[in-house]
Amino acid sequence: MTHESIYLDHQATTPLDERVLEQMLPYLTHEFGNPSSAHAPGRSAAQAVRSARRRVAELVGAKSDPEIVFTSGATEANHLAITGTALASRPHGGHIVTTAIEHKSVLAACQRLADHHGYTVTRVGVDEHGRVRPADIAAALTPHTVLVSVMHANNEIATIQQLAAISEITRPHGIALHTDAAQSTGWGLLNVSELGVDLASMSAHKLHGPKGIGALYLRGGTPIVAQQTGGGQEHGLRAGTPNVPAIVGFGAAAHLITSNAVPSPTHIQALRDQLQNHLLHTLPGATVNGHLHQRLPGNLSLTLPGIEATDLLDRLPGIAASTGSACNTGNGEPSHVLTAIGLTRAQARATLRLSISRTTTDTDIQQAATLITHAANTLIRPASTA
Ligand code: PMP
């Protein structure tokens, strides 16, 4: 690392794996062809895109490569999935079901359909662990529902949703099921066949790939209309010259996971549990957010009563962490995810998100635990002066 800090913000983004960079470099230099061109450099670029598409398809258990549509990231994939499917299904109805804890890009896409296209949107709540009850999804459906969008794993509290059970509810009605899987894909948790989802959004920079590239998994036969039209690239669903080096990087990052060339999630979970146990022990009153078991292995969302998380981070210049999701940072509003699981505004403001990944070391964990404990203790006023 060029930074001195201990990086505990892997849910915001992950460092590029050097093996991924190596595979990208030729496509940033001499392999510069446009994959749509018929000559040798173009064919070489097209072959690289084909290979990357296969690798991403393998990572998520897609049946055929054309089911992967490359986009600029999960934000774009979410917009394409939600707007594209809703508009294509308009003759069948104008109702969408989503949840209260979705990423802002999902909520924004739904809101836009409501504001400009007359759709109605139902936002289903979650329990105190951040789980959507499949029965609540079933209860929200109407004869006009055309799309259900439920994220796979949350970006703040990392709770994993019961998508297989939800797809059993949507499938018999012919309702498309979309999931924002930006946070879960890199853990090898997204298997579109097992989960029964029709659309899934992904982002390479959450799995040690490059930024600015992602994909939408689109099950064959799912109705959709393109949102960016022009040159007909990506099976006509996303026009624009493909970002070949980034696509190659996404494929390389996916292949590292499917070929078991990265530390196991179990190892990372053990490090997370070490950090969690240490902080729960040294900071009485601290509580863990999210589901204790159905949670991403690298996430630790902690509420530290009586502490402003921003003050705590100010006292921790050696640690790069977050008070909530990176996307919420700066707007001053308490996180909609934390309030949805029942935290008060004060509790939400007292919440720290620590997220680790394959580059986190044992030493990082030990040092971070000591530094956080020390900084938190300096902020907690002794009872006599309270
Ligand atoms: N969805 C979730 C759950 C995310 O965590 C993120 C990244 N913060 C996104 C969508 C957006 O991804 P991208 O940065 O690739 O647009």
For this session: Report yes if residue 338 is modelled with pLDDT of 95 or more, in contact with a Gly (Cβ under 8 Å, 6 or more places away or on another chain) and not hydroxyl-bearing (Ser, Thr, Tyr), otherwise no.
Result: yes
Exercise. Residue check: is residue 194 modelled with pLDDT of 95 or more, of a type in the set (Asp, Glu) and under 17 Å from residue 76 (Cβ atoms)?
Worked result: no
Seminar exercise, completed: Residues of the range 311-334 being under 17 Å from residue 349 (Cβ atoms) and at pLDDT 95 or above, in sequence order, are 311, 312, 313, 314, 315, 316, 321, 322
Seminar exercise, completed: Exactly one of 285, 220, 230, 196 is closer than 30 Å to residue 143 by Cα, away from the ligand (no atom under 16 Å from the Cβ) and without any contact (Cβ under 8 Å) to a residue 40 or more places away in the chain, and that residue is 196
Exercise. Of 38, 12, 62, which residue is without any contact (Cβ under 8 Å) to a residue 24 or more places away in the chain and outside any helix (DSSP H, G or I)?
Worked result: 38
Exercise. Does residue 185 meet the test of being under 17 Å from residue 294 (Cβ atoms) and either in the same structural domain as residue 354 (by TED's automatic domain parsing) or of a type in the set (Val, Ile, Thr) (or both)?
Worked result: yes
Problem set entry | Which listed residue, of 81, 77, 139, 135, is over 23 Å from residue 335 (Cβ atoms), touching a strand residue (DSSP E or B) at 6+ places or on another chain (Cβ under 6 Å), of a type in the set (A, V, I, L, M, F, W, C) and not in a loop (DSSP other than H, G, I, E, B) | 81
Seminar exercise, completed: Residues in the range 234-261 that are surrounded by fewer than 20 Cβ atoms within 10 Å (Cβ to Cβ) and not in a helix (DSSP H, G or I) total 9
For this session: Kindly indicate whether any position in the range 138-147 is within 16 Å of the ligand (Cβ to nearest atom) and closer than 24 Å to residue 222 by Cβ.
Result: no
Exercise. Hey, does the range 16-39 have a residue that's surrounded by 18 or more Cβ atoms within 10 Å (Cβ to Cβ), away from the ligand (no atom under 16 Å from the Cβ) and among the small types (Gly, Ala, Ser)?
Worked result: yes
Exercise. Just to be sure, is residue 172 farther than 30 Å from residue 272 by Cβ and in a loop (DSSP other than H, G, I, E, B)?
Worked result: no
For this session: Please enumerate the residues belonging to the range 271-302 that are in a helix (DSSP H, G or I), over 19 Å from the mean Cα position of the chain (by Cα) and surrounded by 14 or more Cβ atoms within 10 Å (Cβ to Cβ).
Result: 271, 274, 275, 276, 278, 279, 280, 282
Exercise. Counting only residues that are more than 14 Å from the ligand (Cβ to nearest atom) and of a type in the set (A, V, I, L, M), which one in the range 77-99 is most open to solvent (accessible area, probe 1.4 Å)?
Worked result: 87
For this session: Please indicate, with yes or no, whether at least one residue in the range 110-121 is surrounded by 24 or more Cβ atoms within 10 Å (Cβ to Cβ) and within 15 Å of the ligand (Cβ to nearest atom).
Result: yes
For this session: Given the conditions (1) more than 20 Å from residue 11 (Cα to Cα); (2) away from the ligand (no atom under 16 Å from the Cβ), report the number of the one that residue 69 does not fulfil.
Result: (2)
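The values are calculated or read from the model by the stated rules, or taken from the named source; none is laboratory data. In this text the structure is predicted, and so the values were computed from the model without any measurement. FYI the Cβ positions are ideal-geometry reconstructions off the backbone, even for glycines, and counts take in every protein chain you see. For the accessible areas, the whole protein counts, side chains as well, though only heavy atoms, and no ligand, DNA or RNA atoms are used. Shrake-Rupley method; radii C 1.70, N 1.55, O 1.52, S 1.80 Å.
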